[in-house]
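This report refers to the structure that appears directly beneath it.
The values are calculated or read from the model by the stated rules, or taken from the named source; none is laboratory data. Owing to the predicted nature of the structure, the values given are computational and were not obtained by experimental measurement. Here the Cβ is made from the backbone with ideal geometry for all residues, glycine too, and neighbour counts use every protein chain on show. Note: areas computed on protein heavy atoms with side chains; ligands, DNA, RNA excluded. Shrake-Rupley method; radii C 1.70, N 1.55, O 1.52, S 1.80 Å.
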Amino acid sequence: MYIGNLLTALGCIDAGITTVVDNSHNSRTGAHSDAAVEALLDAGIRSVHASGAPVSGEWDKAHWPGNLERLQEKYVKNGDNPLLSLAVMAQLEPELWAEARRLGLPIITEFFGGDMAAELEGLHREGLLRSDNIFNHCTALPDAGWKILREAGVRVNVCPRSDAHYGIEDGMFAMQSAQRHGISPGLSVDNETSYSGDMFMEMRVAFYLQRVMGMHQQRCCGAEHHPVTLPAHGLLKAATLDGATCAGLQDKVGSLAPGKQADLILINAQDINLYPSGNAFGTVVHAAERSNVDTVIIGGRVVKQGGKVLGVDSERLRAAIDESREHLFAAAGYQPDMLAEKFLPLESAK
């Protein structure tokens with residue numbers, strides 16, 4: 001848990017991502033949760049750690065949901081870790097939502113609109129949907145569901161690469177539907193184990209998916225609600241300010257303004273792939289790459305400079321990563337093959 005979170009957080013910093021919502025689906029024990037949080041703190045990234053019960057296997061159910069209050073007491077209450085805040089991963093579980101609200105923690109839900117939309121009306125009628133709810137994905141959600149989310153003030157993030165990569169419901173991310181109902185979603189990388197934690201790529205995939213689907217709807221179906229293109233400035237807002245709003249951090253970060261904290265990145269526009277630059281939005285959204293990120297500042301502290309993440313012992317880090325991966329492969333009975341063309345299902349270790 002520690003190595004996985006540390007590697008992901010450092011990779012985010014390297015890619016110019018200053019803030020992550022850590023949807024931690026693997027809180028098997030208190031020690032697992034502590035390891036995940038300690039990695040975020042050691043990496044120096046701004047983070048919202050959302051502890052969540054595992055979705056499979058055996059785990060220590062006795063520590064749940066008491067682990068939430070324990071984490072709050074240990075890491076947040078005394079103010080020693082200003083870059084860290086907490087949330088709760090929970091599905092449509094009113095009792096767990098009540099515990100989260102007792103602790104003042106936001107509630108993050110993996111929400112798939114085609115399968116779960118029927119639950120929204122009842123939740124809304126009972127007053128259980130509020131602005132402290134954060135819904136991930138929201139794929140295939142019908143208009144009636146979007147209207148409920150808007151009325152309740154539910155925060156939304158969309159996952160362009162993930163929804164297509166995993167074929168979640170209709171495979172199309174929900175930004176256009178959200179915007180049509182007055183909701184400005186943030187962009188989510190979702191699953192860094194399957195592709196890079198790269199927000200530049202996320203913006204571009206969002207642009208091209210929306211463009212091809214918009215053209216399809218316009219030409220074959222005559223749908224008036226499907227714009228052909230998401231503008232570059234809108235995509236940059238989704239990757240910055242809208243993401244901060246989704247995380248509940250819009251008063252601290254997401255834009256450069258008096259009174260906000262200094263989370264910012266510097267992109268080297270002199271790099272050959274960016275020079276000459278004629279438009280800031282187009283350069284960042286359609287041309288820049290993680291290799292162009294020269295400097296990253298989080299909470300006023302420089303964590304990447306001259307293209308290098310600071311304070312990282314790369315040799316020691318790689319050794320720890322290799323040790324962790326070898327342990328996991330051995331436990332799963334998996335023999336790695338760098339040239340494999342397909343992957344067989346893993347079998348549990350005997």
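Quick check for you: with a 1.4 Å probe and neighbouring chains kept, what is the accessible area per residue of the stretch 59-104, in Å²?
I get 53 Å² per residue for this part.
What do you get for trypsin sites (Lys or Arg not before Pro) in the stretch 45-110 restricted to DSSP loop and a cutoff of at most 16 other Cβ within 10 Å of the site's Cβ? Please report the intermediate quantities before stating the final value.
Values: sites: Arg46, Lys61, Arg70, Lys74, Lys77, Arg101, Arg102; in loops: Lys77.
Qualifying residues, ordered by number: Lys77.
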In terms of the alpha carbon gyration tensor, root eigenvalues a ≥ b ≥ c, rounded if a/c is under 1.5 and otherwise prolate when a/b exceeds b/c or oblate, the stretch 102-252 is oblate
Counting only protein heavy atoms and using a 1.4 Å probe, what share of the accessible area of the stretch 224-270 belongs to carbon plus sulfur, as a whole percent?
59 percent
Near the amide H of Ala87, under 5 Å away, which other amide H atoms are found, from residues 5 or more places off or on another chain, if H is placed in the peptide plane?
His49, Ala50, Ser51
Roughly how many Å² of His124 are accessible to a 1.4 Å probe, to the nearest 10?
60 Å²
Using a 7 Å offset from the Cα along the Cα-to-Cβ direction at both Arg70 and Lys147, what is the distance between the two label points in nm, to one decimal?
4.5 nm
Quick one: ranking Met213, Met116 by accessible area, 1.4 Å probe, largest first, what do you get?
Met213, Met116
At 1.4 Å probe size, what's the solvent-accessible area of Arg290? Round to the nearest 10 Å².
70 Å²
With the 1.4 Å probe rolled over protein heavy atoms, the stretch 215-330 has an accessible area per residue in Å² of 62 Å²
For the stretch 127-194 and the stretch 285-350, what is the separation of their Cα centres, given in Å?
27 Å
Between Val212 and Met338, what is 0.36 nm times their sequence separation minus the Cα-Cα distance? Round to one decimal in nm.
42.1 nm
Exposure of Cys12 as accessible area (Å², to 10), given a probe of 1.4 Å and all protein chains
10 Å²
Among Gly127, Gly145, Gly333, whose mean-square fluctuation peaks in a Gaussian network model of the chain (Cα, cutoff 10 Å)?
Gly333
Sticking with the crude label model, points 7 Å out along Cα→Cβ, report the distance from Glu58 to Asp80 in nm, one decimal please.
3.4 nm
Say we join alpha carbon atoms closer than 10 Å with springs in a Gaussian network model of the chain; which of Ala178, Ala287, Ala247 then has the biggest fluctuation?
Ala287
Please report the carbon-and-sulfur percent of the accessible area for the stretch 289-350; probe 1.4 Å, protein heavy atoms only, DNA, RNA and ligands left out.
52 percent
Across Ala331, Ala36, Ala90, the residue with the highest GNM fluctuation in the chain (Cα network, 10 Å cutoff) is Ala331
Farthest toward positive dipole pole in the stretch 173-273 [+1 Lys/Arg, -1 Asp/Glu at C-beta], among Gln270, Val253, Tyr208:
Tyr208
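Helix-derived [θ] at 222 nm for the chain: sum -39500 (n - 2.57) over DSSP H runs of at least 4, divide by residue count, nearest 500? Don't jump to the answer; show the numbers that get you there.
Details: 13 runs with 125 residues, N = 350.
Taking each H run of at least 4 residues, the total per residue is -10500 deg cm²/dmol.
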